[in-house]
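All remarks here apply to the structure that follows.
The values are calculated or read from the model by the stated rules, or taken from the named source; none is laboratory data. Computed from a predicted structure; not experimentally measured. In this analysis, Cβ positions are derived from the backbone assuming ideal geometry, glycine residues included, and neighbour counts consider all displayed protein chains.
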Amino acid sequence: MTWSVEKLRVEIEGRLALCDVDLRLESGTVTAVVGGDGAGKTTLCRVLTGLLRPTSGSLSLPATIGYQPAGSGSWGDLTVRENLRFVGDAHRFSNAHFSERLGELMEATALGPAIDRLAMHLSGGMRQKLGVAMALLPRPELAVLDEPTTGVDPVSRIELWQLITRSVTSGTTIVLTTTYLDEAARAGTILALEAGSPLAYGTLTEIGRLLPGALWSTNTQPSEPHRWQRGGVWRVWSPDGHSPPHASRLEPDLNDVLTALSFSTNREGMKS
Amino acid sequence: MTKLVEVSELVKRFGEQVAADEASLEVNEGEVVGLLGANGAGKTTLIRCLLGLLDFDSGRVLLLGESPNRNVLRRVGYVPQGLGLYSDLTVEENLDFRREIFGTRVEGVVDDRRVDELSHGLQRRAAFTAALAHRPQILILDEPTSGVGPWTRAELWDTIRAEVSNGAGALVTTHHLDEAEYCDRLVLMAAGRVVKSGSLSELISGETAVEVTTDRRDEAFAALTEAALLTVLSGSKLRVVSADLQQVTRILSAEGIAGHAAAVAASLDEVFIATSSR
């Protein structure tokens, strides 16, 4: 199955929150939505889960959608088991069906030892795992996860990705938001939002092809206008492809491509 | 090179729990040291001992050559995880407050909005302004860019690098690979101990992960996780963390799954996980 969003536009109190967003969500894939504060990531999640009605655009989405709102979405004064039970009951799971699913999720999340702990007493990483488990419990056709790994340490983060991969390989489609570009690169498809509009959309390879000219790296501060630093090394994007002095051609990663694209769209206030 | 921070064999216990277990690290002038570790690895404990906010059981802690004290803290710029701003005061009032307590000149952008009216990214920037305005010699930043977008993060790092190229030093905790590349040296902590340190390229050199390309992704994932291998999606491929190539190849062929497995350079995250679980 393929779900889709076309020409999505959202205005909130007269302010444009999202504009010209298109998505094709194929079954068994992960789409990462990346962007900074106010880029429109959470607005998009709210539209996908039906919490916010778009101003215009068309949506074709499945009947069962799991959702993890930003900041876990679990109830602090319920235990791990009770939080999951609540979701199971909302989806009218029988006792037997719920027990089976609970067992699977405890194994996948390693939350078993904490099953009777209140969610408010879990570590940040455990609480995020619980939030993702709650979104995935009903085996939804689409799961929307809003910043599932923010504030999560590397060990818990990889466990979360294994949980996400497990669910994707059993057919769920996942849309997740992140502020981390190395993480976005894990997803098959990436939507980079900037001030509500798509800066880039596609696979890593497709996004790489969107950028005209060439990217260079150099140790001395270049005079070219489109320059920035990563870890003490300068990057230069030359739209016409010419090489700055003493520079070597760069095999760009997602971070480089998106930074260069944000220059090419020439929006105000992106980089000094 | 002047040592700005010197922590040697620091031990801090909370009851039975050993939060810092003979942890040692140094920060020199002109360098950014990244302190990495899972939650509960002891990063914040180490920083709190370093700032004199927490007593410790044994070991030695020197901040700008002295035991942490009120006077030496005037030359330290500290951004705690919770930002350390009064959210019901304006940015300017927060700066005034610093000026009073530190007895230092504080310059910065005047902003008369209350801190809690600002976006998360602007709050982070305000916390930086407040912590850096008195031109400290050493910056101590506990997850300074948590929750901000990629471009704001790059700007905050530009600020850190600019201070350091003027001769300051920085000790920065982070969870993210995206940030490790801005550090000159990295120190990995697990269960209170320093388990590894070096530059990013030193830490990842020689370490590998296994990348699997196959049309039968879903079955390959099931077989690899069944064998208790940590496996995650990586674009259209799968990546197996801290496994050896032969083992992966054997599992795939035992299941009759055609595909290509190759050892590839591990990411810092993957090295980190392998190191913490060893």
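Restricting attention to helices (runs of 4 or more DSSP H) lying wholly within segment B:1-114, give those where 3 or more residues are within 14 Å of chain A (Cβ to nearest Cβ) and surrounded by 21 or more Cβ atoms within 10 Å (Cβ to Cβ).
none
Might you check whether a residue that is of a type outside the set (Phe, Trp, Tyr), over 24 Å from A:Thr178 (Cα atoms) and touching a Phe, Trp or Tyr at 6+ places or on another chain (Cβ under 8 Å) occurs anywhere in segment A:133-154?
no
Okay, residues lined up against (1) at the interface with chain A (Cβ under 10 Å from one of its Cβ atoms); (2) under 15 Å from B:Leu36 (Cα atoms):
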| site | (1), (2) |
| --- | --- |
| B:Val195 | no, yes |
| B:Leu203 | no, yes |
| B:Thr208 | no, no |
| B:Asp218 | yes, no |
| B:Ala227 | no, no |
| B:Ser234 | yes, no |
| B:Val241 | yes, no |
| B:Leu245 | no, no |
| B:Val271 | yes, yes |
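Looking at segment A:191-207, which of its residues are away from chain B (no Cβ under 12 Å) and out of contact with any Gly (no Cβ under 7 Å at 6 or more places or on another chain)? Walk me through it before giving the result.
First, pick out the residues of segment A:191-207 that are away from chain B (no Cβ under 12 Å): A:191, A:196-198, A:200-201.
Within segment A:191-207, A:Leu191, A:Ser197, A:Pro198, A:Ala200, A:Tyr201 meet the criteria.
Quick check on my filter: what residues within segment A:241-266 are exposed (fewer than 13 other Cβ atoms within 10 Å of the Cβ) and more than 15 Å from A:His226 (Cβ to Cβ)?
Scanning segment A:241-266 gives A:Pro245, A:His246, A:Ser248, A:Arg249, A:Glu251.
Residue under question is B:Val194, and the condition is that it be assigned by TED's automatic domain parsing to the domain that holds B:Ala19 and among the aliphatic types (A, V, I, L, M); does it hold?
Criteria met by B:Val194.
What residue, of A:Leu25, A:Leu59, is in a strand (DSSP E or B), in contact (Cβ under 8 Å) with a residue 24 or more places away in the chain, buried (at least 20 other Cβ atoms within 10 Å of the Cβ) and away from chain B (no Cβ under 14 Å)?
A:Leu25
Can you name every residue in segment B:165-189 that is β-branched (Val, Ile, Thr) and either over 24 Å from A:Asp253 (Cβ atoms) or free of Cβ contacts under 8 Å to residues at least 60 places away in the same chain (or both)?
Hit for segment B:165-189 is B:Val187, nothing else.
I need the full set of residues from segment B:130-154 which are within 17 Å of the chain's Cα centre (by Cα) and among the charged types (D, E, K, R), in order please.
Across segment B:130-154, the qualifying residues are B:Asp142, B:Glu143, B:Arg153.
For segment A:170-190: of the residues being part of a helix (DSSP H, G or I) and buried (at least 21 other Cβ atoms within 10 Å of the Cβ), which is nearest to the other protein chains (Cβ to nearest Cβ)?
So, considering only residues that are part of a helix (DSSP H, G or I) and buried (at least 21 other Cβ atoms within 10 Å of the Cβ), the one nearest to the other protein chains (Cβ to nearest Cβ) is A:Leu181.
For segment B:119-143, how many residues meet the condition of being in contact with a strand residue (DSSP E or B) (Cβ under 8 Å, 6 or more places away or on another chain) and within 13 Å of another protein chain (Cβ to nearest Cβ)?
2
Run down A:Gly188, A:Gly213, A:Gly196 and say which single residue is on the phi > 0 side of the Ramachandran plot, in the same structural domain as A:Leu8 (by TED's automatic domain parsing) and modelled with pLDDT under 95.
Working: A:Gly188 fails: on the phi > 0 side of the Ramachandran plot; A:Gly213 fails: in the same structural domain as A:Leu8 (by TED's automatic domain parsing).
None of the others qualify; the one that does is A:Gly196.
For residues that are charged (D, E, K, R) and part of a strand (DSSP E or B), scanning just segment B:212-258, find the one that is surrounded by the fewest Cβ atoms within 10 Å (Cβ to Cβ).
Only one residue fits best here, namely B:Lys237.
Pairs under 7 Å by beta carbon, first residue facing another protein chain (nearest Cβ under 7 Å) in segment A:153-169, partner aromatic (Phe, Trp, Tyr), six or more apart or different chains?
So the pair list comes out as A:Pro154/B:Phe272; A:Thr165/B:Phe221; A:Thr169/B:Phe221.
Just name the residue that is nearest to the other protein chains (Cβ to nearest Cβ) out of those in segment A:216-258 that are part of a loop (DSSP other than H, G, I, E, B) and charged (D, E, K, R). Break it down into steps so the answer makes sense when it comes.
We begin by selecting, within segment A:216-258, every residue part of a loop (DSSP other than H, G, I, E, B); these are A:219-226, A:231-232, A:239-247, A:250-253.
Remaining after also requiring charged (D, E, K, R): A:224, A:240, A:251, A:253.
Numbers: A:Glu224: 17, A:Asp240: 24, A:Glu251: 13, A:Asp253: 10 Å.
Among those that are part of a loop (DSSP other than H, G, I, E, B) and charged (D, E, K, R), it is A:Asp253.
On the basis of being touching a Pro at 6+ places or on another chain (Cβ under 6 Å) and on the phi < 0 side of the Ramachandran plot, does B:Arg70 make the cut?
Here the answer is no, as B:Arg70 does not meet what is asked.
Regarding segment B:180-193, can at least one residue be identified that is outside any strand (DSSP E or B), at the interface with chain A (Cβ under 10 Å from one of its Cβ atoms), surrounded by fewer than 21 Cβ atoms within 10 Å (Cβ to Cβ) and among the charged types (D, E, K, R)?
Among the residues of segment B:180-193, at least one is outside any strand (DSSP E or B), at the interface with chain A (Cβ under 10 Å from one of its Cβ atoms), surrounded by fewer than 21 Cβ atoms within 10 Å (Cβ to Cβ) and among the charged types (D, E, K, R), which makes the answer yes.
Hey, does segment A:63-73 have a residue that's within 19 Å of the chain's Cα centre (by Cα) and farther than 30 Å from A:Asp20 by Cβ?
Scanning segment A:63-73 turns up at least one residue that is within 19 Å of the chain's Cα centre (by Cα) and farther than 30 Å from A:Asp20 by Cβ.
Among what's in segment B:190-217 and is over 15 Å from the mean Cα position of the chain (by Cα) and free of Cβ contacts under 8 Å to residues at least 24 places away in the same chain, pick the residue that is farthest from B:Pro136 (Cα to Cα).
B:Arg217
Can you spot a residue in segment B:214-222 that is closer than 23 Å to B:Ser146 by Cα and aromatic (Phe, Trp, Tyr)?
no
State all residues of segment B:166-179 that are of a type in the set (A, V, I, L, M, F, W, C) and assigned to a loop (DSSP other than H, G, I, E, B); if no residue qualifies, say none. Show your work before the answer.
Our first condition is that a residue be of a type in the set (A, V, I, L, M, F, W, C); within segment B:166-179, this holds for B:168, B:170-172, B:177.
B:Ala168, the sole residue that qualifies.
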